[in-house]
Every structure is written in structure tokens, then in C-alpha cells.
Amino acid sequence: MSREDSGERVLGRTGQSIGKVAVVTGAGSGLGRALAIGLARRGCRLALADLDPHGLAITRIRAEAVGATVSDAVLDVADRDAVRGFAADVAATYGVVHQLYNNAGIAGGRRLLEASDEELDLVLAVNLGGVVNGTKAFLPHLIASGDGHLVNISSLNGLLAQPGLSAYCTSKFAVRGFTETVRAEMLADHHPVAVTVVHPGGVRTNIANASLDLARSRGQTITARDEERVAYYNSRLLTMDPVDAAEIILRGVAARRPRIVVGAGARRLDRLTRLLPTAGPALTAWFDRRY
Ligand SMILES: NC(=O)c1ccc[n+]([C@@H]2O[C@H](COP(=O)([O-])OP(=O)(O)OC[C@H]3O[C@@H](n4cnc5c(N)ncnc54)[C@H](O)[C@@H]3O)[C@@H](O)[C@H]2O)c1
């Protein structure tokens, strides 16, 4: 059983999203799957996308099992033309798009001096490029819906930097800046699109394992330290049930909150970084040495 499957439970139906068309990228695993099923339970029609056809098919079956209408597409969010084509297909299929969850993402777990240029480029292309591509392609449809909502998944690492995650932190801080800019533009131009940036803390998904799989598939040497780091993340840091994380996000979206920090630990660290804006790197460097 993959990590994200272990805690699947039932989300409540709120009724406020019935009939809306929601797009979720990275829907084949973890948080994206939990968001898709949560949206299905809320009565949304879904357009799901992922690089992984197998994970995507499982999510589709589960969303259809709770009564949702679902379309899906195997998609690399870093491929701008493919994302444009996906947006056109979704609009043609449903005639309208209300919500976009730019969720697809990958981790890269090496220090800057150890990371290859290709690894850095890939993390930025998926985590930041994917969010930009999705937003640009779908925003006209969200505006046209008259009641749009853009939801971009950043991270606690979009608020707090830490050693060994240079590309990841860079991408997630940038997702925050990008999303807040789009929000400002929607407000300035009176477009009917709410915009939300989400900063989850550690969620029990496959993200750490996937970073090792990706490194192996690219022919990188996996050191004992890499494996220990992933094991530590899985056992100690990525602990929140994805269903709980999705529920917090979907409630925040329903309340049209511009910023959602997911998890008590993430909220504490968010407060700390605002109270002591320069303390973050020293704190995470200490944590890195100790653990
Ligand atoms: N798990 C956490 O603790 C955590 C914390 C903060 C933020 N996040 C963010 O949440 C999002 C979801 O991650 P997750 O934890 O569910 O990880 P996950 O690995 O379980 O799921 C990520 C999904 O994205 C897909 N994906 C990867 N690259 C893609 C690409 N180029 N195009 C399309 N799909 C692609 C994968 O196939 C996978 O199905 C990511 O943006 C991640 O950075 C996760």
C-alpha cells in the first residue's frame, strides 16, 4: 500500500460546490488524490491530470465511485503547450471551468553544491513552471465562469527555507509570490476569481519516496544519507493524513481564504517566521545538524 492510501476516509459533503467544474493536477497521488475525492464528495465535476497514468486511473475510479463525473489526462505540467491543450480540452468537455488546483509537484533533496543543474531545473520547471503554465492556460476560463477560484499549492517551504531543499524552497517561495501577484491583478481588474495560496506542513504522501525514485530513474547515485533523509521525513515529518489536509484546504477555499496554512506545526512556524523574520535559516540549520 502506498503511503497516501493508508488514511483514506470520508470527507463531508458541504453542498456549496455542487455542479462546479474543478481541475486538479497531480491528482494521481497524495494530496491531489485527496483533493479530487473531496471535491467529488462535494458534488464537483472533475478534470484530473497527472504524469502517472496508473495513479490517475485509481483516483478516477475512486472519484466516480462517489458519483462524480470525471475526465482525466496524462499530462506533464512543465510542458506549456500540453497544458494549453489540456485547458482547451477541459473547456470543450464541460463548457466552463470554475476551480483550478495547481497541485502537481516534486521534491529534490540535495544541497545546492551537490545538486546537478538538471535536478535544479526540473524542480523549478515542475513546481513553479507547472503552476505558471496551469494558471496562464486556465485563468481566462476561470474569469469567464463568473465565479472562479485559483488554488496554488506552495508549501511550508514557501515560508521557511531549509538546507538540502534549495530548488524546492525556491520554487515554493516563488509560487507564493506568483499567486499573490495574480490575486492582486484579479482584484485590481475586478475579475471574478478568488485566489488562494496553500502552505501545507508535512503530509503523509509519496513525495519523499518519489524524489528518490526520480533520482534513480535519472541515473543519480543514491547515498545512504539520501535514504536516511527520506526515511526520517516519512517517519517523523510527513505525518498529517492527506484527507485531513484536503479537508482544511477545501474548507478554506469555500471560505475564499487567500492564504491557507495547513497543520498546527506549519502554523506555529509561520507565526515564528513573521515574528522573527531572520531566524528561520538558523533554526532549520540547527535542526538539520541535530537530526
Ligand atoms: N507531502 C507534503 O508534506 C507536502 C508539504 C507541502 C507541500 N506539498 C505539495 O503538495 C503537492 C502534492 O504533493 P504530494 O505530497 O501529494 O506528493 P505525491 O508525490 O504523493 O503526489 C504528487 C503527484 O504529482 C504528480 N506529478 C509529479 N510531477 C508531475 C508533472 N510534471 N506533471 C504532472 N503531474 C506530476 C505525481 O505523479 C504525483 O501523482 C506538491 O506540490 C507538493 O510540493 C506537499
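Here, each number is a calculation from the coordinates, and none is a lab measurement. Please read these numbers as outputs of a predicted model, since none were measured by experiment. Heads up, the Cβs are rebuilt from the backbone with ideal geometry, glycines too, and the neighbour counts pull from every protein chain shown.
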Original post:
Over what distance in Å are the Cα centres of segment 103-131 and segment 156-204 separated?
Top reply: 16 Å
Original post:
Can you pull the percent of Cα pairs in segment 45-117 with separation above 21 Å?
Top reply: 36 percent
Subject >> Sites matching trypsin sites (Lys or Arg not before Pro) across segment 85-175 that sit in DSSP coil, with at most 13 neighbouring C-beta atoms within 10 Å >> reply: R111
Original post:
Regarding segment 86-135, what whole-number volume in Å³ per residue does the convex hull of its Cα atoms give?
Top reply: 72 Å³
Original post:
If contacts are Cα pairs under 8 angstrom and at least 6 residues apart, what is the relative contact order of the chain in percent?
Top reply: 19 percent
Subject >> Bins of 10 Å from zero: percent of alpha-carbon pairs in the chain >> reply: 7, 30, 38, 20, 5, 0
**OP:** Lys and Arg at +1, Asp and Glu at -1: add these up for the other residues within a Cβ distance under 13 Å of Y291 and post the number.
**Re:** +3
Subject >> Spatial extent of segment 109-173: Rg and Dmax, with the Cα atoms as the point set, Å >> reply: 14.5, 47
Original post:
Long-range amide H contacts for V70: which residues qualify at under 5 Å (H placed 1.01 Å from N, peptide plane, sequence gap of 5 or more or a different chain)?
Top reply: L46
Subject >> Taking segment 57-125 and dividing mean pair separation by its residue count, relative contact order in percent (alpha carbons under 8 Å, at least six apart) >> reply: 18 percent
**OP:** On a 0 to 90° scale, report how tilted helix 166-188 is relative to the longest principal axis of the chain, with both axes built from alpha carbons and the result rounded to the nearest 10.
**Re:** 30 degrees
Original post:
Local charge sum around P281 (other residues, Cβ-Cβ under 14 Å, Lys/Arg +1, Asp/Glu -1)?
Top reply: +1
Original post:
If you line up the Cα atoms of segment 112-260 on their principal axes, what length do they span on each, largest first, in Å?
Top reply: 52, 32, 24
Original post:
Relative to the longest principal axis of the chain, what angle (0 to 90°, nearest 10) does the C-alpha long axis of helix 130-145 take?
Top reply: 20 degrees
**OP:** Give, as a single signed number, the net charge of other residues whose beta carbon lies under 14 Å from the beta carbon of A22, with Lys and Arg counted +1 and Asp and Glu -1.
**Re:** +4
Original post:
Mind checking the log10 I(q)/I(0) for segment 75-186 at q = 0.13, 0.14, 0.17 Å⁻¹? Debye, one equal scatterer per Cα, no solvent, two decimals.
Top reply: -0.50, -0.57, -0.79
Original post:
Please state the relative contact order of segment 119-203 as a whole percent: Cα pairs under 8 Å, 6+ residues apart?
Top reply: 38 percent
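Calculated FRET efficiency, A57 and Y291, Cβ-Cβ r, R0 25 Å, to nearest 0.05? Kindly include the intermediate steps, with their values, before the conclusion.
Working: r = 37 Å, r/R0 = 1.49.
It comes to 0.10.
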Original post:
Of the chain, which part is the longest with no GluC sites (Glu not before Pro) in a loop (DSSP not H, G, I, E, B) and with at most 16 other C-beta atoms within 10 angstrom?
Top reply: 115-291
